[in-house]
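The structure appears below as structure tokens.
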Amino acid sequence: MSAHAATRSSPTRTLPARPPDGFPFAHPRYRWYVLFAATGLPLALACVLLLMGVCALSQGSVGWARYMALMASPPMLALSVATFGAVLYFAIRFLWVGRKIPGVRLGPIPAVSMEVAGVLQLAGFVKLFLLIVVLLSGWLFL
Amino acid sequence: MKLIRKLEPIFWMLFGAGGFLGSLILPGLFFMIVIGMPLGLFGDPFTTFVRMSTLFGNPVGKALLVAVISLVFWHAAHHLRHFAFDIGLHRFQAPLSFALYGLALAGTVVTFAVVGAL
């Protein structure tokens, strides 16, 4: 049998991978992983709340003022702050995991270590966050 | 299920792009539009309306909004699909996959429509 033939899918049924013992709540590592995986829900919610804002923007200044009043109400504010917390957790963990992606080496310059790459990614996140705040706040145009 | 498996590289690409936009751009946009502006931290509603219309009324602003919102929908769908498998929902693989990617597709269509109306 050739090596190529050996890679063909086998008709033998196999069981799906089994989760490790105690998954998903037995160890802090598992719990953090589950929390990260579950951030898919608040991320989608964040996009829905953002879309509502864009929709309000297309309805003119009256629609926008209505959206501002709705979002400033205590229940919506509590929901928004909780969602923002989840989005921040997602962002920090995603970028921290992203430090494992090998960087491009430039000539004789040595590749940065994984920890330095992680710190640089988080610094980039803070810089972009501040840039968006400055752009949308109008402070540049005062 | 064959179709989902065939399209897996595309879903993975959308997942990766959505992850980076969701971690680098979404927190700032969300904080400003959904929390900061309603609290009046950056001016009254009329001032913020004029500023936001100017920033997002042009093609570059619209493209940014469409990219961030729709790709994060795809990221969330892919992430939740694999999370469901992690917690042992393998037997619902086909309905879950179609439901989650279907929602992401619907979200993308709505995003294009809403941002296009700006």
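Brief remarks on what is shown
- Counting all C-alpha pairs of chain B, share separated by more than 26 Å (%): 31 percent
- Scaled to the globular estimate 2.2 N^0.38 Å, the Cα spread of segment B:1-66, given as radius of gyration, is 1.56.
- The sum of -39500 (n - 2.57) across all DSSP H runs of n ≥ 4, divided by the residue count of chain A, sets its helix-only mean residue ellipticity at 222 nm to -22500 deg cm²/dmol.
- Directionally averaged projected area (convex hull, Cα atoms, the protein assembly as shown), nm²: 19.3 nm²
- Label positions at A:ILE109 and A:LEU70, each projected 7 Å from the Cα along the C-beta direction, are separated by 4.7 nm.
- Projecting label points 7 angstrom from Cα along Cα→Cβ for B:PHE85 and B:PHE46 puts them 5.5 nm apart.
- Calculated mean residue ellipticity, 222 nm, chain B: -25500 deg cm²/dmol, from DSSP H runs (n ≥ 4) at -39500 (n - 2.57) each, averaged per residue and rounded to 500.
- In plain terms, the bigger the Kirkwood radius, the slower the diffusion; for chain A, with that radius from Cα pairs, at 25 °C and 0.890 mPa s, Stokes-Einstein puts D at 122 µm²/s.
- With Cα atoms, 0 to 90° folded angle of helix B:93-116 axis to chain B main axis: 20 degrees
- Added length on full extension, which subtracts the Cα-Cα distance from 0.36 nm per residue, A:LEU15 to A:VAL116: 32.3 nm
Where a number appears in this text, it was derived from the coordinates with a stated rule and is not lab data. Note that the structure is a prediction, hence the values are computed from the model and not measured. Virtual Cβ from ideal backbone geometry, glycine too; neighbours counted across all protein chains shown.
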